[in-house]
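Please read the structure below before turning to the comments.
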Amino acid sequence: MPSNLPLDGVKVVDLTNVLAGPYCGYQLMLFGAEVIKVEVPGAGDLARRLGPDPELNRERMGASFLAQNAGKKSVELDLKSPAGRAAFESMITGADVLLENFRAGVLARLGYGWESLRELNPGLVYCSISGFGQSGPMSSAPAYDQIIQGLSGMMSVTGTPDTAPVRVGFPVCDTVGGLTAALAVCAALAGRQRSGRGCHLDLSMLEASISAMGWTVSNYLIGGVEPEPMGDQNATAAPSGTFETADGPLNIAANQQAQFETLCRLVGRPDLPDDARFAEREARKTHRRALNQELNQALRAKTALEWEELLSEAGVPAARILTVPQALALDQLTRRGFLTEVPLAGAGGRPVTVTGNGVVVDGVPLRPRGSAPRLGEHNSEIEEAS
């Protein structure tokens with residue numbers, strides 16, 4: 001690991017559960033922060049019991065927990081007991097960041113609203129992650145990733161006209177919410193460096209997800225174009241989508257005129273740019289189906305890997321469509337140190353593999369500096385500090 005990470009010395013008290021909040025905390029940990037998970041005694045994070053391995057789930061070390069919590073610490077505190085509250089308040093006075101993803105108002109009802117927290121620590125950066133934010137008519141409604149995917153419009157544009165609405169195949173709204181929260185925390189810490197004051201960050205997963213939809217949303221807001229599901233095709237350009245080869249699907253994104261002309265030449269169809277239906281960008285979008293048929297026929301002459309190598313070398317974005325195991329086996333990830341083996345605490349040193357976040361600092365990839373903690377593994381540190 002680099003000797004000086006950007007968040008070295010930053011202490012994060014993390015009350016979050018399952019994914020969005022823990023994913024935020026994981027990003028902060030990778031950048032060097034000390035992240036202390038505060039968990040319900042005897043139960044802990046719900047993700048401790050989630051995953052495909054029943055034995056790990058029984059040990060409260062489920063795969064879903066291991067994936068987002070390596071390198072963190074765990075303490076058990078009952079925020080409704082006098083001793084637990086005293087320990088928590090002591091932690092807050094020495095913390096830089098507090099993360100929580102309760103429903104709006106829950107922490108305040110426990111006596112720890114923003115005003116109370118600010119009295120304990122004026123420099124605290126307090127980040128609340130919730131489905132809908134801390135205000136508005138939906139603020140107290142429960143929300144999981146699936147709910148946000150539907151409400152954001154994301155599902156309405158996923159799939160084909162015949163299959164939509166379709167859920168994105170991973171909890172994308174939780175992930176986007178966690179990343180946005182991590183960005184907000186880092187920005188607040190930078191602001192505190194100048195002002196000396198902390199702040200309350202109110203993160204809405206719904207709003208973060210709609211923001212992340214980019215052109216799908218802006219095309220409607222600015223251009224009045226209501227988005228529609230287009231399956232494996234890219235609405236902004238053609239040819240841009242999934243195509244057929246001799247042995248499987250291939251993604252091609254020839255979004256620029258020069259890329260399109262190069263593609264046509266390499267597949268043996270240099271005549272296509274001279275066809276009025278395909279000569280320029282908007283015409284290609286209008287006649288997308290006819291163009292795809294012509295290209296698919298030519299692309300069936302080689303394998304997906306052969307086309308990937310040939311087209312990429314010529315500057316045309318193209319790549320195979322891989323399974324998750326195939327993607328994780330890419331030499332590209334190995335060369336950059338994206339995957340890391342860490343021991344599974346309390347299980348004889350059995351290693352598990354976790355991901356980084358794709359960031360390399362001074363030539364070194366960011367990695368967790370230890371295993372995911374057993375529930376209450378660091379209780380003694382809190383007891384000693386108090």
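Laboratory data are not the source of any read-out in this text; all were calculated from the coordinates shown. Quick caveat, the model's predicted, so the values are computed rather than measured. Using ideal geometry, Cβ is built from the backbone for each residue, glycine included, and neighbour counts are taken over all protein chains shown.
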### Query
What order, most packed first, do the peptides 61-71, 330-340 have when packing is the mean number of other Cβ atoms within 10 Å of each residue?
61-71, 330-340
### Message
Taking the 0 to 90 degree range and rounding to the nearest ten, how far is the long axis of helix 304-313 tilted relative to the main principal axis of the chain, both from C-alpha atoms?
### Response
90 degrees
#### Entry: Computed [θ] at 222 nm, deg cm²/dmol, the chain (DSSP H ≥ 4; -39,500 (n - 2.57); rounded to nearest 500)
-11000 deg cm²/dmol
### Summary
With 0.36 nm assigned to each residue of separation and the Cα-Cα distance removed, I321 to R281 gains 11.9 nm
### Pairwise FRET efficiency - A190 versus M230, Cβ, R0 = 35 Å, nearest 0.05
0.35
### Summary
Residues whose modelled amide H sits under 5 Å from the amide H of N357, counting only those 5 or more places away in sequence or on another chain, are L366
### Query
Which semi-axes, in whole Å and largest first, does the equivalent ellipsoid of region 44-173 have when worked out from the alpha carbon gyration tensor as the square roots of 5 times its eigenvalues?
32, 22, 12
### Task
Would you work out the relative contact order for the chain, in percent, from Cα pairs under 8 angstrom that are 6 or more residues apart?
18 percent
### Message
5 Å is the cut-off here: which amide hydrogens, built 1.01 Å from N in the peptide plane, fall below it relative to K302, excluding neighbours closer than 5 in sequence?
### Response
A246
### Message
Output the 0 to 90 degree angle, nearest 10, between the alpha-carbon long axis of helix 82-93 and the longest principal axis computed from the alpha carbons of the chain.
### Response
60 degrees
### Query
For region 1-110, what relative contact order do you get, as a whole percent, if you take Cα pairs closer than 8 Å and at least 6 residues apart?
32 percent
### Task
Give the shape of region 1-105 as rounded, prolate or oblate, defined through the alpha-carbon gyration tensor: a ≥ b ≥ c are the square roots of its eigenvalues, a/c under 1.5 means rounded, and otherwise the shape is prolate if a/b is larger than b/c and oblate if not.
oblate
### Pairwise Lys count, the chain - Cα closer than 23 Å, eight or more residues apart or different chains
6
### Message
What number do you get for region 228-326 when its Cα radius of gyration is normalised by 2.2 N^0.38 Å, N = residues?
### Response
1.00
### Task
Report, in debye and to the nearest 20, how large the dipole of region 254-359 comes out about its Cα centre when Lys and Arg carry +1 and Asp and Glu carry -1 on their Cβ.
340 debye
